[in-house]
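Structure first, commentary second.
The values are calculated or read from the model by the stated rules, or taken from the named source; none is laboratory data. Here the structure is a predicted model, which means the values were calculated and not measured. Counting neighbours? That spans all protein chains shown, and the Cβs are built from the backbone with ideal geometry, glycine included. These accessible areas exclude ligands, DNA and RNA; they are computed on the full protein's heavy atoms, side chains included. Shrake-Rupley method; radii C 1.70, N 1.55, O 1.52, S 1.80 Å.
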Amino acid sequence: MDNKSAYLSRPWLAFYEQGVPAKPEIPLRTVPQAFDEATERYAAQTALVFHGREISYRKLREETDRFALGLVKLGVKKGDRVALYLLNSPQFIIAYFAVLKLGATPTPVSPVYTSHEVKFQLANSGARVVICQDILFDKVEKSGASLDHVVVTNIGDYLPPMRRVIGRSFLGKIFTELNVPAPAMPKRANVHDFRDLAATAKGELLPVTIDPMTDLAALPYTGGTTGNPKGVMLTHYNLISAQIAGEVGFTKLEPGKEVALAFLPLFHIYGQVVIMLGGLMQGATLVLFTTPDTESILEAMERYKATVFYGVPTLYEYLKDHKDTGKVNWRRLKLLISGADTLHESTMKEWTQRTGSSITEGYGMTETCAAAHVNPLNRPKTGSFGVPVPNVMAAVIDPETSEFVAPGESGELILNGPNIMVGYWNAPEESAKVFMEIDGERWMRTGDIVHMDEEGYFHFHDRSKDLIKYKGHSVFAKDVEDVLYEHEMIKGAGVIGVPDPAVGQRIKAIIVLQPEARGKLSEEDILAYCREQLADYKVPQIIEFRGELPKTDVGKVSRRELREQHDERSA
């Protein structure tokens, strides 16, 4: 069998759970149609729980339709982009689906963005309407973006009555990390209150003709690991494809019977598609958290009898040592998923020892509507991010020659499937760089260096831009980080390459020690440990201790920021 056939034969299908189809049919429907079907089917059931307040599917539908009418009053129409600058809340979900019902496109903005970053996304996307949290309104104002309307909402509007009474202290706890007081709203004709806008809207919501194959359903932005973030164009067909893959792939999950905690940010593709879209389309109850308050999450796990847990590696790393983790019966859960970053084997091993449960690792990108791979629940493989989800094809090529490499050899992951983006917004040159054609099929280059084993399971090595070139050797930052994480006295690590004309790049490890190790474990101790575990050319030449590492919005160690910080100090 030649290298190409090794992938096109899809060896991973042998390990799909029984009953999981390789190519499930994707209905030609829009996201708002799917939303309306779900809210009708599960009308009486609880869709959202927000700090104790329960909102039924029927109520969610009513609120969404009313808010959509309010947006019509502001002139929002098919083809418009509407920015959602919101924390996790009922308002995010209501606004998201309301925008879609008008044939417009939501473009979620990270709540931690600065006014400069907000301005870039608003200008780049062409959004003229912003729906924002009151405590974030100041950043919208300071951005200087040209806007037609700003709709402002307060998190307290959807709190239970008792919590609204004690709102100041309660909201103060929620917004501690943002450290931004809610400003007084200016009295301007183009600034509107979220609830007032919906309450005063009149008329009937008229249907809009939407082509699922070509019309955009969402315009999320990538994290901007290189240069400015890029808008990712996702059609209704893309999102429905992703939702169907999750629906048929997780056979243990039962429509209308699952409870999931929604603390991962909904502006991020993971929370947006896997949790919000996937959960609501299947009648799940989503327990919403505005911020990932660990104690509240663990308490809610038992109070609401959660059946599904969606996390990221840094959260599992933290929870495995948390004093209250043992209070949760993790074995009861049907599914524990880890995504958005690589799960270190040491974390998984210690998690299982502590809880008696297993974490299922997956892989995806904004460009793939979140999931592209996941480990089969009946046959997971430690150290692998799994196999392609239904309807997705994957292969590995030489990044220089674009030739297929043999199973077991590392190269760049390429993907083909109905969940893959149309392209980058207003960036044809960037889009052209990531797409390639093979036998008439369009494939997307991911920039991730991986290999596929003989059974069709894929294993992550690194992002291509994180590959370190030292004296002609290729060193994957992740390989060095994995070894560092195995050290019981190391709490966190980030590895980068720093320029050095003599050797190309030197390997620098930025390390956070466990509290009890600080002042006791030296640079030489770490280097001696690395020499025992790594080939000479992989041993870091520079060690730096820090109290914390910069993280992305979903908890990844930001190697980009580490590189930038090094460059600033070296300048």
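Across the chain, the mean sequence separation of Cα contacts (distance under 8 Å, 6 or more residues apart), normalised by length, yields a relative contact order of 13 percent.
For segment 299-390, applying the loop criterion from DSSP together with a ceiling of 14 other beta carbons within 10 Å to the trypsin sites (Lys or Arg not before Pro) yields 305, 323.
Toward the positive end of the charge dipole of the chain, about the Cα centre and with charges on Cβ (Lys, Arg +1; Asp, Glu -1), which of 103, 521, 470 goes farthest? Positive-end residue among those listed: 103. Every helix of 4 or more DSSP H residues in the chain counts as -39500 (n - 2.57), and over all residues that averages to -8500 deg cm²/dmol at 222 nm. Sites listed here are GluC sites (Glu not before Pro) in segment 392-480 whose DSSP assignment is loop and whose Cβ has at most 13 other Cβ atoms within 10 Å: 400, 403, 409, 454.
Using only the Cα atoms of segment 460-571, build the gyration tensor, take square roots of its eigenvalues as a ≥ b ≥ c, and label the shape rounded, prolate or oblate: rounded if a/c is under 1.5, else prolate if a/b is larger than b/c, else oblate. It is rounded, given that a/c, with a ≥ b ≥ c, falls under 1.5. Could you tell me which of the pairs 257/320; 77/551; 320/551; 334/556; 77/139; 478/520 are separated by over 29 angstrom between their Cα atoms in the structure shown? Violating the 29 Å limit, Cα to Cα: 77/551.
Relative to the dominant Cα principal axis of the chain, helix 90-101 is inclined by about 80°. Of all accessible surface on the chain at a 1.4 Å probe, what whole percent is carbon and sulfur? After summing per-atom areas, the C and S share lands at 50 percent. Each Lys and Arg Cβ is given +1 and each Asp and Glu Cβ -1; about its Cα centre, segment 1-125 then shows a dipole of about 320 debye. Counting only Cα atoms, the size of the chain along its three principal axes is 71, 56, 48 Å, in decreasing order. At a probe radius of 1.4 angstrom, the accessible area of segment 309-375 per residue rounds to 36 square angstrom. Think of segment 230-325 as having a plus end and a minus end, set by charges on the Cβ of Lys, Arg, Asp and Glu; of 285, 232, 262, 232 sits farthest toward the positive end of this dipole. When only the Cβ of Lys, Arg, Asp and Glu is charged (+1, +1, -1, -1), the dipole of the chain relative to its Cα centre reaches about 1820 debye.
Taken per residue, the accessible surface of segment 56-145 reaches 29 Å², heavy atoms only and a 1.4 Å probe. The Kirkwood hydrodynamic radius of segment 4-85, based on inverse pair distances between different Cα atoms, is 16.9 Å. For segment 1-109, trypsin sites (Lys or Arg not before Pro) are listed when DSSP marks them as loop and at most 10 other Cβ atoms sit within 10 Å of their Cβ; the list is empty.
Three semi-axes describe the equivalent ellipsoid of segment 268-382; taken as square roots of 5 times the Cα gyration tensor eigenvalues and ordered largest first, they are 20, 18, 13 Å.
Taking the Cβ of residue 353 as the center, what net charge do the other residues with Cβ under 14 Å away carry, scoring Lys and Arg +1 and Asp and Glu -1? It works out to a net charge of -1. As a test, work out the antiparallel percent of DSSP beta bridges whose residues both lie in the chain, rounded to the nearest 5. Percent antiparallel among DSSP bridges in the chain is about 60.
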